[in-house]
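Here is the structure we will look at.
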Amino acid sequence: MAPAHRTTLAALLALALAGCAADPRPTAQPLTCDGGRTLAVTFDAAADTALLAEGRERRRLPRLISGSGARYGDGRTELWIKGREATLTEDGTRRNCRFAQK
């Protein structure tokens, strides 16, 4: 194979693999809890955090170690996710929540 063809092939392969990389942009998802409370949860894979937003209030939670599911918390607030189900605990008050179906 000629050097020019190798360079072109390598460039095309690099572009194809770049398209397979995970999307690093944060994504927001609606979360509805018992009592009709709705929050927007934005997951930021690069920062390994979840941002809870309700009205003007924002709370960024770092990811915590979890035996199963995904768990985020800051000592006052904890969000524990298993599939589309989640438990939101704030100041000791626990609520069952669910992410909207995609």
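Beta carbons closer than 7 Å, at least 6 apart along the sequence or on distinct chains, pair a first residue in region 81-99 that is under 17 Å from Gly36 (Cβ atoms) and at pLDDT 95 or above with a second that is part of a strand (DSSP E or B) and acidic (Asp, Glu) for Arg98/Glu85. Would you check which residues across region 48-82 are in a strand (DSSP E or B), surrounded by fewer than 16 Cβ atoms within 10 Å (Cβ to Cβ) and basic (Lys, Arg) and list them? Listed by number, the residues that qualify are Arg58, Arg60, Lys82.
The values are calculated or read from the model by the stated rules, or taken from the named source; none is laboratory data. Because the structure is a prediction, the values reported are computed rather than measured. For neighbour counting, all protein chains shown are included, and Cβ atoms are generated from backbone atoms with ideal geometry for every residue, glycine included.
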